[in-house]
1. Using each residue's phi in region 32-46, evaluate 6.51 cos²θ - 1.76 cosθ + 1.60 at θ = phi - 60° and report the 3J(HN,Hα) Karplus result to the nearest Hz, with x for Gly and Pro.
2. Under 13 Å from a point placed 7 Å out from the Cα of V99 along the Cα-to-Cβ direction: which residues of region 162-191 have their backbone N that close?
3. R171 to Q25: extension gain in nm, 0.36 nm per residue of separation minus the Cα-Cα distance?
4. With the Cα gyration tensor of region 11-86 giving a ≥ b ≥ c as the square roots of its eigenvalues, does the rule (a/c under 1.5 for rounded; else a/b larger than b/c for prolate; else oblate) give rounded, prolate or oblate?
5. Under 20 Å Cα-Cα from K239, which lysines qualify once same-chain neighbours fewer than 8 residues away are excluded?
6. Where does the chain land at 222 nm, in deg cm²/dmol rounded to the nearest 500, when only DSSP H runs of n ≥ 4 count, each adding -39500 (n - 2.57), divided by all residues?
7. Can you tell me the 0 to 90 degree angle between the C-alpha axis of helix 206-217 and the longest principal axis of the chain, rounded to 10?
8. Could you work out how far helix 232-245 tilts from the main Cα principal axis of the chain, as a 0 to 90 degree angle to the nearest 10?
Amino acid sequence: MPTDFNELTQRLPHLVETCRAYATQGRVATYIPELAHAPQLALGITLRHKSGLTATAGDCGIPFTLQSISKVITLLLALMDRGEQAVFEKVGMEPTGDVFNSMLKLELVQPGKPFNPLINAGAIVVSSLIDGDTAEHKAERVLRFVRDLAGDDSPSFNESVFRSEEATAYRNRSLAYFLKDNKVLDQDVEPTLHVYFKQCAIEVTCAHVARIGLILANDGVDPSTGRQLVPKRYVRIAKSFMVTCGMYNASGEFAIQVGIPAKSGVAGGILALVPGELGIGIIGPALNDKGNSTAGVHLLRLLSEQFDWSMF
Ligand code: GLU
C-alpha cells in the first residue's frame, strides 16, 4: 500500500520526540576529534515524496558531514566514470560481518581485494577510481555530484572535519597502504585518501540527504524534471549494497526490523528510501554499539512498522 503521506506528516513530530529518548543510550563518535562536538540529543528527519511533498520534524536543519553515506555516492560516480567491470575488478560484492574499518578479511580471505564498496577499504579503492586530474579535482567532482543529487548547491566541504580526520586517520592510512602493497590501489595513497576524507567531510542537512534518497527511490530519475541523473542499473547496484552492507555489521538485523535500503555514517546521518515512493534523511549523532544512529534506527523502525515499508 502506498504511504499515506498526510498521515505520516501528522504523526512525525510525536514519533521523533518518542525516539529522541534513545539518544541518551548512544555515544557521539570521537575518533575523528571534530565530530565529538555534535549535539548528543539531536534527532531530525526529512522525508521527500516523489509527488513533491516534504515532511520534516525535530532538528532536521542541523548540518552534519556525510561520512560513510558518501560511499554510496562515490560508488555511483565511479560506476558512471569507469563502468561496472572496472569497479568490480577492484572491489567485491559481499558483506563482511566485520566492523567498517576492519583489516581482518583483507588478508585472510581474498588477499587485498576489499569485500564491498561500503567498508572503508572498499570505499578507499572506489575513491581512487573517480575521474579527475588531481585529488582536488576528483573531490570537487564528488561535491558537484552530491549537489546535483541533492538538487541544491549548498552542500560544501567542512574543512575542520576534513583536517581533523586527515590528521588522525591512522587506521585508514594503514588500510590504504595495505591495498597499495597488494596492487589493488593503483593510485598513490595520500592523494587517494585526500579524496576519501574530503568526500566524508561534505556537509549537508536532512533535506539534502532526503533528496538523494528520493533520486535513488525513483531509479535515478529526478521526479520534478524527469531527468535521469544516474543510470537505473547503477542505482540498483547501490540499493543492493545498502540492503546487504549499509548499516555496518547490523545490516542483517536492520533488514529484519526495518527492511528498506539505508546507509549510515559516523556523524549520525542516515540515508534511506522507500523504493518507488520517497527518500529519507535523518540526523541523530548519538551512535549505538554498531556505529548507527541509535535514535535514528528506532525512528526508522517505528515508521516502517506503522507504514508497512519493509520490502520483504
Ligand atoms: N570518515 C570515516 C572513516 O573513514 C567514515 C566512517 C563511517 O562513517 O563509517 O572512519
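Derivation of every value follows stated rules applied to the coordinates shown; laboratory data play no part. Not measured: the values here are computed from a predicted model. Neighbour counts run over all protein chains shown; Cβ positions are idealised from the backbone, glycine included.
1. 9, x, 5, 6, 5, 7, 5, x, 3, 8, 5, 8, x, 8, 10
2. So the set is 171-172.
3. 49.9 nm
4. It is oblate, given that a/c is not under 1.5 and a/b is not larger than b/c.
5. Of all the lysines, those that pass the test against K239 - Cα under 20 Å, at least 8 places apart if same chain - are K50, K71, K90, K263.
6. That calculation yields -14500 deg cm²/dmol at 222 nm.
7. Approximately 80 degrees, to the nearest 10.
8. Its long axis makes an angle of about 90 degrees.
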